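The block underneath contains the structure these notes are about, expressed in structure tokens.
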Amino acid sequence: MGKKTGNRFGEIAVREGFASRKAVRECLEIQSKLKSFGVEPKRLGEIMVEKGYLRDADVQAILDVQRLGGSRMDSRSGVTDIRSGKGRLRTSHVATPPKKLNRAVRNIPGYEVLELLGEGGMGMVFKARQKSLDRVVALKVLPPSAAKETAFIKRFYSEARTVAKLNHENIIAGIDVGESPGGIYYFVMEYVEGESVAELIDRTGPLEERFSLQIALQIANALDHAHKNGLVHRDVKP
């Protein structure tokens, strides 16, 4: 058995078979990155749902076990009822206000950081306002740990410059890239209001075949355009 995660919720998730230890550690690292930016971190369960490792019903089942101090069989509803629940997890988490953000992130020249949008392998993305044009943009920031490595910095700039060369209706446009006086490497992109396909399915249920094909075609066209311009999207797999 691998080393413990050091998190009660995570240990129960692994012990009761809801998630792998690797998945828990990945999400704990996301929590740690949020803290390093001075952002109030989300709960582990919420992060694991966003990453697709758990369902809302799974989170509730783990919380029930945690509260009762036993195993999931101790729950009154039993394993089947808990894991098949359709209710959504309700948490007290709200968008982190700018004052909670690390000062270095808040002081990127020309931009006003509004809130955290998400986190990925190569950085965190914030919703921000470009002051010169008074428009909302997406601001991607390289994590402090990666900013210490020359290879990561070069890759970050390379990605930004490659994206900026793309011009396609299904690809977010690149706007700016640079380093702030505080040593923060950032990449500014077009901000598009809306929901992900996963959120759409969660809200409406399975999509009709014709609509699904339309989405797949748009993705394929975007990937084809990117590939022709020397960019490979590593997160998209057959």
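Only the coordinates and a few stated rules stand behind these numbers; no lab work does. Just so it is clear, the model here is predicted, and its values are computed rather than measured. Ideal geometry is used to build each Cβ from the backbone, glycine not excepted, and the neighbour counts take in all protein chains shown.
Numbers below:
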| item | result |
| --- | --- |
| Length-normalised contact order for the stretch 98-190 - Cα pairs under 8 Å, 6+ apart - percent | 25 |
| Residues with amide H under 5 Å from that of ARG129, placed H, sequence gap 5 or more | GLU112, VAL113, LEU114, VAL137 |
| Distant-in-sequence amide H partners of TYR191 (H built 1.01 Å from N, under 5 Å) | ALA138 |
| Set LYS35/LYS148; LYS33/LYS148; LYS22/LYS51; LYS22/LYS127; LYS35/LYS154; LYS33/LYS131 screened for pairs whose C-alpha atoms are more than 21 Å apart | LYS22/LYS127; LYS35/LYS154; LYS33/LYS131 |
| Packing rank of 179-185, 9-15, where each peptide gets the mean count of other beta carbons within 10 Å, highest leading | 9-15, 179-185 |
| Extension gain from LYS165 to ALA151, taking 0.36 nm per residue of separation minus the Cα-Cα distance | 2.9 nm |
| Principal semi-axes in Å for the stretch 98-190 [√(5λ), Cα gyration tensor, largest first] | 19, 18, 11 |
| Ordering of 219-228, 38-47 by burial proxy (mean other Cβ atoms within 10 Å per residue, highest first) | 38-47, 219-228 |
| Burial order of peptide ranges 23-36, 197-210 (average beta-carbon count within 10 Å, highest first) | 23-36, 197-210 |
| Tensor-based shape of the stretch 149-238 (alpha-carbon gyration tensor, a/c under 1.5 rounded, otherwise prolate or oblate) | prolate |
